Amino acid sequence: MAYLHENKEEFANAVNLASEYFRVLPIIVEKDYYVTMILRELSKRLGFVVFKGGTSLSKCHKAINRFSEDIDITIDSKLSQGQMKKLKEVIKKIALILGLSIPNIDETRSRRSYNQYILEYQSVLSDSDNAVQPVVLMETSFAEVSFPTVVMPVRSYIGDMMMEEAPKELKNLGLEPFEMKVQGLDRTLVDKVFAICDYYMQDRVKKHSRHIYDIYKLIDLVPQTKEFKALVKEVRSVRAMTNICPSAQPEVNVPDMLNLLIRNEIYKDDYENITSRILEEKVSYEVAIEAVRKIAMSGMFEQQSSEEENNIRYLEKKMEAYKAGRLKVEEHELIEE
């Protein structure tokens, strides 16, 4: 297959045309193209990967209106050491196919539960922008299994433009929409509520106020039902098994923690100085934080005393269930080229 970016002149022309077509900066269109191509190649080769995070919210769910440039990848089942090694090899192969470099490849380890791959591309744009570098950051995390997931189409700005203007060229250039497993909105909302608590407890508030905006956008899309509360409990039990999610531990009262974040305006400065600049709509901190207040008052994240007393037994049962079911992945799910 011939890739559009292999012809720099045609690629630059397509980037600029799509920029005008959708009224999006050329640097965003260019990066979106590479994000899409990386995801396409990844989904073709590995059946267990799940696309999550802010980029999935904007690119697939169309749930948020903010710039998000990274790729967050997780799994739908526990991986063997062989599968974890396979993932790293696939990422290296994708970089080779797409003409990307990975300057930090020697710093990654296939046995780690978390890695960040720096995928660099050569920009065809003459005007550089320090705010958007010609780099796609791919984060892979195996600490938690993603559930529930949905299969959704993944598209690019250039592909959508060509679908209207030159549909016959789509398939030849690998620009037609494709499907990929994506983490559900309900799970993403749960993760983000725990995340703003975790980052505060870890003294890592900077650049994480974007989760406040995302919660604001998601709360009206995710019904606060008994099913959602059950999901919160299940996710909490899984997060509590890791050492990177302190707010999921049984002794932490999440509603109290959320009220503390609101009362002390923990994320306000970061939101107003950083997050507000990447939004494609005007949403003030005062408006966004009300969504967190709703979560705190909803009762969805409360733990009953009986649950706290039996927490160890509860976690053990959940671990047994995961070992027996959701965490199991068969080797044949790996798709060879």
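The values are calculated or read from the model by the stated rules, or taken from the named source; none is laboratory data. Treat the numbers as computed from the prediction; the structure is a model and nothing was measured. Every residue, glycine among them, receives a Cβ derived from its backbone with ideal geometry; neighbour counts consider all protein chains shown.
Return yes when Asp160 is in the same structural domain as Ser113 (by TED's automatic domain parsing), out of contact with any helix residue (DSSP H, G or I) (no Cβ under 7 Å at 6 or more places or on another chain), at pLDDT 95 or above and acidic (Asp, Glu) and no when it is not.
Yes: the conditions hold for Asp160.
Yes/no matrix, rows are residues, columns are (1) touching a Ser or Thr at 6+ places or on another chain (Cβ under 9 Å); (2) in contact (Cβ under 8 Å) with a residue 60 or more places away in the chain; (3) in a loop (DSSP other than H, G, I, E, B):
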{"residue": "Ile91", "(1), (2), (3)": "yes, no, no"}
{"residue": "Asp106", "(1), (2), (3)": "no, no, no"}
{"residue": "Arg111", "(1), (2), (3)": "no, no, yes"}
{"residue": "Phe142", "(1), (2), (3)": "yes, yes, no"}
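Just give me the residues in region 1-45 being aliphatic (A, V, I, L, M), farther than 18 Å from Lys92 by Cα and assigned to a helix (DSSP H, G or I), in sequence order.
Within region 1-45, Leu4, Ala12, Ala14, Val15, Leu17, Ala18, Ile27, Ile28, Val29 meet the criteria.
Got a sec? Which of Arg155, Arg111, Arg187 is among the basic types (Lys, Arg) and surrounded by 18 or more Cβ atoms within 10 Å (Cβ to Cβ)?
Arg187 is the lone residue from the list that is among the basic types (Lys, Arg) and surrounded by 18 or more Cβ atoms within 10 Å (Cβ to Cβ).
Select from region 18-54 the residues that are in contact with a strand residue (DSSP E or B) (Cβ under 7 Å, 6 or more places away or on another chain) and of a type in the set (Ser, Thr, Tyr) and write down the one among them that is farthest from Thr149 (Cα to Cα).
Tyr34
In this structure, is Leu173 crowded, with 23+ Cβ neighbours inside 10 Å and either touching a residue at least 24 places away in the same chain (Cβ under 8 Å) or assigned by TED's automatic domain parsing to the domain that holds Tyr271 (or both)?
Taking the combined requirement at face value, the residue does not satisfy it.
This table checks each residue for (1) within 28 Å of Glu41 (Cβ to Cβ); (2) at pLDDT 95 or above.
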| residue | (1), (2) |
| --- | --- |
| Met152 | yes, yes |
| Ser156 | yes, yes |
| Leu170 | yes, no |
| Tyr213 | no, yes |
| Tyr216 | no, yes |
| Pro223 | no, yes |
| Lys233 | no, yes |
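Keeping to region 247-278, report how many residues are under 16 Å from Arg210 (Cβ atoms) and either hydrophobic (A, V, I, L, M, F, W, C) or buried (at least 20 other Cβ atoms within 10 Å of the Cβ) (or both).
Within region 247-278, residues that are under 16 Å from Arg210 (Cβ atoms) and either hydrophobic (A, V, I, L, M, F, W, C) or buried (at least 20 other Cβ atoms within 10 Å of the Cβ) (or both) number 7.
Looking at this structure, is Glu330 modelled with pLDDT of 90 or more, under 21 Å from Phe147 (Cα atoms) and of a type in the set (D, E, K, R)?
In short, no.
Select from region 114-130 the residues that are free of Cβ contacts under 8 Å to residues at least 60 places away in the same chain and hydrophobic (A, V, I, L, M, F, W, C) and list them in ascending order.
Ile118 - this is the single residue of region 114-130 that is free of Cβ contacts under 8 Å to residues at least 60 places away in the same chain and hydrophobic (A, V, I, L, M, F, W, C).
From the list Met163, Met152, Met180, which residue is under 28 Å from Ala2 (Cβ atoms), part of a helix (DSSP H, G or I) and in contact with a Lys or Arg (Cβ under 9 Å, 6 or more places away or on another chain)?
Result of the check over Met163, Met152, Met180: Met163.
Would you pick out the residues in region 204-255 that are outside any helix (DSSP H, G or I) and closer than 11 Å to Val193 by Cα?
Across region 204-255, the qualifying residue is only Ile219.
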